[in-house]
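Nothing in this text is a laboratory measurement; each read-out follows from the coordinates by a stated rule. Fair warning: this is a prediction, and the values are worked out from it, not measured in the lab. When we count neighbours, we look across all protein chains shown, and the Cβ atoms used for this are built from the backbone with ideal geometry, even at glycine.
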Amino acid sequence: MTRILLVEDDSLLLEVMANILEAEGYELHRASNGKQALDQFVVDHPDLVISDIMMPEMDGFELLRSIRMMPAGVTVPFLFLSARTERTDVSIARALGVDDYLFKPFDAPELVEAVRSRLNRRRQVELFDTRSAHLQTIIMLANVIETRDPYTAGHLERVRRLALNLAFSLNWKQNDIAVLEFGAILHDIGKIIVPSQVLKKTGPLNDEEWKLMRQHPVAGAKMLEGVDHLRAAVPYILYHHEWWNGSGYPQGLKGIKIPREGRLLAIVDAFDAMTTNRPYHASMSTEEALEEIRKNKGVYFDPDMTDVFLKTYKAM
Ligand SMILES: [Fe+2]
């Protein structure tokens, strides 16, 4: 249950506000001055604080300052309840990190809306923080793979950028683009099963080595299947070596039977491979690589996506 710490020395107002918020399903913790509120904050870890400014013992400013100094209090939404509208008060409160003001007198809907919008905002921020923590973890993981394969240094980052650009140009939805970012970073994670002497080999691979290399999409997909927040990225890992004409691997799918995630990544992955020095070939110029992509439109690559890629790349 969402906990709210309500701090107000006017006991009647305190009860009125507490009743309004309890009726909305919040768990209310009450304090009649800043000192008492600070003690309660430490014990209760509320999700939001609403505090009066002028109070005995410790005023609202001092309370806010003290809460912001605690690790658990740095981001907790804090609303001031005030009868005073002097600009100096507002600017002091802003400098201390207040999230919102409620000016007395206020009505019930105003109070409820202020609380709800602050809590929603907090949830959005938390979601964003969680996502960027995930992203950093998988970047670390992907870097481990990349360091085994020195010829591809920077490949994942470039593929991520190219893939995002192409998806934006194709007007993919925001949610799909979020998954794409994970997929682009992790697409070669299955290469962990390929011995580094194979990854670093300068000559052509023999049959046995090719067999190993061609297992990396399936190996990578298996690694991600058990991870809830990464499972959606599996199509990128599994299908990025399928070719439009059916000559790719692991399943030899053809045309639009190849999930669009694979079709998109195939273009940008191939483009980056061509423009980078690899053990088995020297890099092409950007123009040569773009020409190569164009020549293979409808052969290896989805014709519509290829057109958009060529157009987008030239505009970049
Ligand atoms: Fe790959």
**Item:** Whole-Hz couplings from phi, Karplus 6.51/-1.76/1.60, listed for the stretch 294-308; x for Gly and Pro
**Value:** 4, 4, 9, 4, x, 9, 9, 10, 3, x, 5, 5, 4, 4, 5
**Request:** Scan around Leu81 for amide H atoms under 5 Å from its own, H built in the peptide plane at 1.01 Å from N, and keep only partners 5 or more places away or cross-chain.
**Result:** Ser51, Asp52, Ile53, Leu102
**Prompt:** For the charge dipole of the chain, defined by +1 on Lys and Arg C-beta atoms and -1 on Asp and Glu C-beta atoms about the Cα centroid, which residue among Val218, Phe301, Leu166 has the Cα displaced farthest towards the positive pole?
**Reply:** Phe301
**Loop-located trypsin sites (Lys or Arg not before Pro) in the stretch 177-276, at most 14 other Cβ atoms within 10 Å (DSSP)** = Lys200, Lys254
**Request:** Grab the Cα-Cα distance for Lys200 and Arg123, subtract it from 0.36 nm times how many residues apart they are, and report the gain in nm with one decimal.
**Result:** 23.2 nm
**Item:** Cα gyration tensor category, rounded, prolate or oblate, for the stretch 125-167 with a/c compared to 1.5
**Value:** oblate
**Fill in**
The answer for Arg30, listing residues at least 5 apart or on another chain whose modeled amide H is closer than 5 Å to its amide H, is Leu6
**Complete:** Taking Cα pairs closer than 8 Å and at least 6 residues apart, the relative contact order of the chain in percent is 11
**Fill in**
Of Tyr236, Tyr26, Tyr300, the most mobile residue in a GNM of the chain (C-alpha springs, cutoff 10 Å) is Tyr26
**Prompt:** What is the gain in length, in nm to one decimal, between Asp176 and Tyr101 on full extension, counting 0.36 nm per residue of separation less the C-alpha to C-alpha distance?
**Reply:** 23.3 nm
**Request:** Assuming a ≥ b ≥ c are the square roots of the Cα gyration tensor eigenvalues, decide whether the stretch 201-316 counts as rounded (a/c under 1.5), prolate (otherwise, with a/b larger than b/c) or oblate.
**Result:** oblate
**Message:** What are the ³J(HN,Hα) couplings of the stretch 171-177, residue after residue, when phi is run through the Karplus curve with 6.51, -1.76, 1.60 and θ = phi - 60°? Round to Hz, x for glycine and proline.
**Reply:** 6, 5, 6, 3, 5, 5, 5
**Prompt:** To the nearest 10 degrees, how steeply does helix 260-274 sit against the main Cα axis of the chain, on a 0 to 90 scale?
**Reply:** 60
**Loop sites in the stretch 119-158: GluC sites (Glu not before Pro), DSSP, at most 15 other Cβ within 10 Å** = none
**Which listed pairs, of Lys173/Lys200; Lys191/Lys297; Lys222/Lys314; Lys201/Lys311, have C-alpha distances above 32 Å, in listed order** = Lys173/Lys200; Lys222/Lys314; Lys201/Lys311
**Asked** To the nearest 0.05, what FRET efficiency results for Asp39 and Ala108 with a Förster distance of 30 Å applied to their C-beta separation?
**Response** 0.55
**Request:** Grab the beta carbon distance between Met70 and Arg3, set R0 = 22 Å, and tell me the FRET efficiency rounded to 0.05.
**Result:** 0.90
**Asked** In straight Cα distance, which aspartates and glutamates are under 17 Å from Lys211, not counting same-chain residues fewer than 8 positions off?
**Response** Asp188, Glu242
**Request:** Assign one of three labels to the stretch 196-259, namely rounded, prolate or oblate, based on the Cα gyration tensor with a ≥ b ≥ c the square roots of its eigenvalues; rounded applies when a/c is under 1.5, prolate when it is not and a/b is larger than b/c, and oblate otherwise.
**Result:** oblate
**Request:** Taking the Cα centre of the stretch 14-118 as origin, sum charge times position over the Cβ atoms of Lys and Arg (+1) and Asp and Glu (-1), and report the length of that vector in debye to the nearest 20.
**Result:** 380
**Prompt:** Residue by residue through the stretch 208-217, which ³J(HN,Hα) values in whole Hz follow from phi under the Karplus form 6.51 cos²θ - 1.76 cosθ + 1.60 (θ = phi - 60°), with glycine and proline marked x?
**Reply:** 4, 5, 4, 4, 5, 4, 6, 7, 5, x
**Message:** Going by average Cβ density within 10 Å per residue, which order do the peptides 132-145, 37-50 take, highest to lowest?
**Reply:** 37-50, 132-145
